[in-house]
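Asker: Structure below; questions to follow.
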Amino acid sequence: MARFSLIVSVAIGVACGSIGCGKTSEYAPVNQLKKAEPVTEHDHEHGEKGPHGGGLVELGEEEYHAEIVVDHDSHAITLYVLGKDAKTPEPVVATEVTITPEGKDALTLKAAPQTGDAEGKTTKFELVDDALVHTLLDAGFLHGDLRITIGDKPYLGHIDYHLDGSDHDHDHTEKQPAEPEKK
């Protein structure tokens, strides 16, 4: 009998909840509703480009940022680790980072400490590959994933970097491989 009473009580509670238990409607006509404010992705500004002119990637809950630069002159893809403000270099203990372009094999960028980086730390990672750089510049963008471990915590960031076409002034009459070499 107690089981039957419990079932009836639950059924009545669900029924009251679904019909509103006598409350009046809180709906309003469309013309009386306030217009919603546009949703912004971040509550602060750090621009579309990083301090080196590259694309920014958020890591974690904006704990860190990474800046990716594709440079024709040095034939390199360079990644800089930045702090919360997306401007200040953030030295980390890591020997490499991985970039996986959409539909392609993973690329490994090795630590390339800069002057001023503490012993055993770096703010810069680099991969020199002329064919890859030309392929990216020709495509005009780099989409994919960035993986880096800072301390003991792994971070995954999504790359949505559109390269500036004005930086790509060179002659394509030189013979270039169709696909970059796999690393």
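The values are calculated or read from the model by the stated rules, or taken from the named source; none is laboratory data. Please read these numbers as outputs of a predicted model, since none were measured by experiment. For neighbour counting, all protein chains shown are included, and Cβ atoms are generated from backbone atoms with ideal geometry for every residue, glycine included.
Asker: If I filter region 71-105 down to residues being of a type in the set (V, I, T) and within 18 Å of E61 (Cβ to Cβ), which single residue comes out as surrounded by the fewest Cβ atoms within 10 Å (Cβ to Cβ)?
Answerer: T88
Asker: Going by the conditions given, is G157 of a type outside the set (S, T, N, Q), modelled with pLDDT of 95 or more and closer than 17 Å to G54 by Cα? Outline the logic, then answer.
Answerer: Numbers: of a type outside the set (S, T, N, Q): yes; modelled with pLDDT of 95 or more: yes; closer than 17 Å to G54 by Cα: yes.
Here the answer is yes, as G157 does meet what is asked.
Asker: For region 127-163, which positions are exposed (fewer than 15 other Cβ atoms within 10 Å of the Cβ) and of a type in the set (G, A, S)?
Answerer: A131, A139, G140, G151
Asker: Another question, if that's okay. Within region 109-118, restricting attention to residues that are surrounded by 15 or more Cβ atoms within 10 Å (Cβ to Cβ) and in contact (Cβ under 8 Å) with a residue 12 or more places away in the chain, which residue is farthest from I148 (Cα to Cα)?
Answerer: D117
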